[in-house]
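Data block below; observations after.
Readers should treat all values here as calculations from the given coordinates under stated rules, not as data from a laboratory. Treat the numbers as computed from the prediction; the structure is a model and nothing was measured. Glycine gets a Cβ as well: all are built from the backbone with ideal geometry, and neighbour counts include every protein chain shown.
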Amino acid sequence: MRLLAFLLTCLLLLPGCQPAAATDGITHLTLWHGVNPPANRDVLQQLVERFNETHPQIQVEALYVGQGDQQIPKILAAVVGDAAPDMLWYAPMITGQLVELGALRSLDDWLSTAPVAAEIDSALRESMQWEGRTWSIPFGTNNVGVFYRPSLFAAAGIHDLPQTWDAFRQVAKALTIPEKNQHGLLLPLGKGEWTVFMWLPFLWGGGGEIVAERGAVQVASPGAIAALQLWQDLVNDGSAILSQPERGYELDAFLAGRVAMQLTGPWTLGQLRQVGAEFGVMPIPAGLRPATSTGGENLFFFHSTPTREQAALVFGEYVLSEAFQTEWAIATGYLPVNLRSRQSQDYQTFLAQQPAVQVFLDQTQYGRSRPIVPGYNRISDALGRAVESVLLNQNTPTAAIDTAQRRLDRVFGRAE
């Protein structure tokens with residue numbers, strides 16, 4: 001009862017949560033999203049307005065409803081209250097949970113006839129499908145790299161970018177100058193999904209996994225412990241400072257030169273260009289193997305009425321189009337999901353002008369996706385708590401990951 005009351009309270013506070021109706025022949029749709037930074041939000045708004053101008057009988061209202069962790073209770077409240085938006089921009093790990101709730105419209109029938117379906121990067125199909133059916137389309141893709149300040153590297157006499165964990169740690173030390181309030185690296189503090197997303201390249205790079213064979217959730221491994229140990233060492237060395245809680249995506253310290261390196265992705269390129277900051281990008285240094293987290297968000301379509309569902313699919317085809325994907329990618333730094341967009345003259349010109357993007361394109365071969373399972377939020381929470389406790393020196397890496405595994409065993413059952 002308390003959970004239901006909480007969700008219904010959230011529902012009353014949601015912006016634009018009631019289903020829109022057709023007025024004078026116009027179908028009004030809502031799109032919830034958590035696009036950040038604000039400059040990227042402006043790009044999305046411009047693209048939505050262009051769609052509205054060219055589709056006068058369909059009008060889409062894009063609503064920012066907070067970061068991913070903040071959206072979950074709002075989304076659940078909307079589903080419970082039969083007031084879900086028409087479309088949702090969200091990371092694909094939510095797929096299993098929404099499917100179990102019966103909230104989503106399957107897209108298999110639409111994609112089987114939509115010409116643009118053949119232009120989607122096949123590597124992204126895994127993020128679209130759950131239990132043999134298609135539930136979303138990719139909106140944009142990306143992965144995690146290391147942004148750095150070349151001037152600070154040069155001042156420290158560093159000429160070679162670190163390619164291994166050991167070199168990464170040594171470079172971070174060399175870039176740390178306490179009397180200048182300068183540190184080698186910013187690490188994200190918090191137990192939310194952002195922290196987990198930034199840490200997973202190190203788990204995978206250290207040889208760890210999240211889901212073992214036969215689908216068992218098995219996060220405890222030497223690789224996971226090694227990845228936590230690396231982050232704790234960076235903090236204990238004095239080389240890394242921690243972000244404000246749950247705000248590891250903010251670039252203030254990086255832009256001010258207080259940190260020389262920061263974990264983030266190509267979605268920040270637009271902001272960096274806008275402020276005129278000097279920067280470079282390197283791949284995530286390798287542990288036992290190269291690895292990065294494949295990210296990006298998908299577009300989900302909720303059950304509503306046949307008219308609104310069909311109108312939403314028209315918008316979906318627009319999102320997948322070469323023109324949309326090229327403009328979205330060039331303006332935000334996301335990687336296009338449309339293969340024709342990647343090969344277009346405009347995008348190739350952009351790549352020539354922004355060589356940092358090529359780092360992320362090259363790194364896609366080492367990308368790993370977070371599992372699309374109904375209980376992923378529980379996995380993320382357990383791992384986030386482990387990372388946070390280690391960064392705050394409240395736990396050893398071994399104790400933290402063992403605690404995480406015990407929590408997950410209670411949820412999913414013990415792996416055999």
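Helix 322-332 and the longest principal axis of the C-alpha atoms of the chain enclose an angle of approximately 40°.
For the range 286-416, the C-alpha radius of gyration sits at 1.45 times the compact-globule guess of 2.2 N^0.38 Å, with N the residue count. Measuring between their Cα centroids, the range 216-234 and the range 33-71 lie 37 Å from each other. From the Kirkwood radius over Cα pairs of the range 317-370, Stokes-Einstein at 10 °C and 1.306 mPa s returns a whole-number translational diffusion coefficient of 139 µm²/s.
Taken over the range 55-208, the convex hull of the Cα atoms encloses 212 Å³ per residue. Helix 193-205 axis versus longest C-alpha principal axis of the chain: approximately 60°, rounded to the nearest ten.
Expressed in units of 2.2 N^0.38 Å, where N is the residue count, the Cα radius of gyration of the range 49-99 is 1.34.
With no solvent and one equal point scatterer placed on each C-alpha of the range 198-241, evaluate the Debye formula and give log10 I(q)/I(0) for q = 0.28, 0.34 Å⁻¹, two decimals. Those come out to -0.92, -1.09, one per q.
What the Cβ-Cβ distance of Ala212 and Glu100 gives, at R0 = 30 Å and to the nearest 0.05, is a FRET efficiency of 0.85.
DSSP bridge analysis restricted to the chain gives an antiparallel fraction near 60%, rounded to the nearest 5.
Full extension of the chain between Ala155 and Asp233 yields a length gain of 25.7 nm, computed as 0.36 nm times the residue separation minus the alpha carbon distance.
Computed from the alpha carbon atoms alone, the convex hull of the range 74-125 holds 103 Å³ per residue. Net charge in the neighbourhood of Gly384 (other residues with Cβ under 9 Å of its Cβ; Lys, Arg +1, Asp, Glu -1) is -1. In the frame of its principal axes, the range 86-171 has Cα extents of 58, 30, 23 Å, reported largest first.
Can you give the alpha-carbon Rg of the range 282-330 over 2.2 N^0.38 Å, where N counts its residues? In units of the globular-protein estimate, the range 282-330 measures up at 1.79. The convex hull around the C-alpha trace of the range 118-243, projected and averaged over every direction, spans 10.7 square nanometres.
In the chain, helices alone account for a calculated mean residue ellipticity at 222 nm of -13500 deg cm²/dmol, with every DSSP H run of four or more residues adding -39,500 (n - 2.57). With Cα atoms as the point set, the range 229-323 shows a radius of gyration and Dmax of 19.6, 59 Å. Once the Cα-Cα distance is subtracted from the 0.36 nm per residue extended length, the Ser122 to Val314 segment shows a gain of 67.0 nm. Within the chain, all pairs of alpha-carbon atoms sorted by distance into 10 Å bins from zero give the percentages 4, 21, 31, 26, 14, 3, 0.
For the range 33-125, the Cα gyration tensor yields ellipsoid semi-axes of 22, 21, 15 Å (square root of five times each eigenvalue, largest first, whole Å). Computed over the range 372-416, the Cα gyration tensor eigenvalues convert (square root of 5λ each) into semi-axes of 20, 12, 6 Å, ordered from largest to smallest. Short-range pairs are left out: with C-alpha atoms under 8 Å and at least six residues apart, the relative contact order of the chain is 24 percent. Round to the nearest 10 and give me the degree value, 0 to 90, for the angle of helix 38-54's Cα axis relative to the longest principal axis of the chain. In the chain, helix 38-54 runs at an angle near 20 degrees to the longest axis.
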